[in-house]
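The values are calculated or read from the model by the stated rules, or taken from the named source; none is laboratory data. Everything numeric in this text was worked out from a predicted model, so none of it was measured. Heads up, the Cβs are rebuilt from the backbone with ideal geometry, glycines too, and the neighbour counts pull from every protein chain shown. What goes into the accessible areas is simple: the full protein's heavy atoms, side chains included, and nothing from ligands, DNA or RNA. Shrake-Rupley method; radii C 1.70, N 1.55, O 1.52, S 1.80 Å.
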Amino acid sequence: MAPLFTAKDIDNNTIKLAEVYKEKTVLMVFWGTWCGACIQEVPLFKEFRERNSKDKFEMLSVHRKIRPGK
């Protein structure tokens, strides 16, 4: 079940994961373009996504544009 998490989507609409992904397992991936290790993980996450049922599993990528502390 999706966690109790609220965020803005790319169009600045508020979404509540528990409402949108009621019956799915949700993996949230937090990353930044400035993070080399994060970029290296992208192919692994793509492969993981392709191996799992789209009816029961969803992966969300949360991107941070600015380096921490800046």
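Observations on the model:
- Between Met59 and Val42, the contour length at 0.36 nm per residue exceeds the Cα-Cα span by 4.9 nm.
- Listed by chain and number, the aspartates and glutamates placed with their C-alpha closer than 13 angstrom to that of Lys24 are Asp55, Glu58; residues fewer than eight positions away on the same chain are left out.
- For segment 1-42, diffusion coefficient by Stokes-Einstein and Kirkwood Rh (Cα), 25 °C, 0.890 mPa s, µm²/s: 206
- Within the chain, longest stretch clear of exposed chymotrypsin sites (Phe, Trp or Tyr not before Pro) (DSSP loop, no more than 16 other Cβ within 10 Å): 35-70
- Mean accessible surface per residue for the chain, computed with a 1.4 Å probe while every protein chain stays in place, in Å²: 83
- Cα-Cα pairs of the chain separated by more than 14 Å (percent): 65
- The simple spin-label model puts a point 7 Å past each Cα toward its Cβ; for Val20 and Thr33 those points are separated by 2.1 nm.
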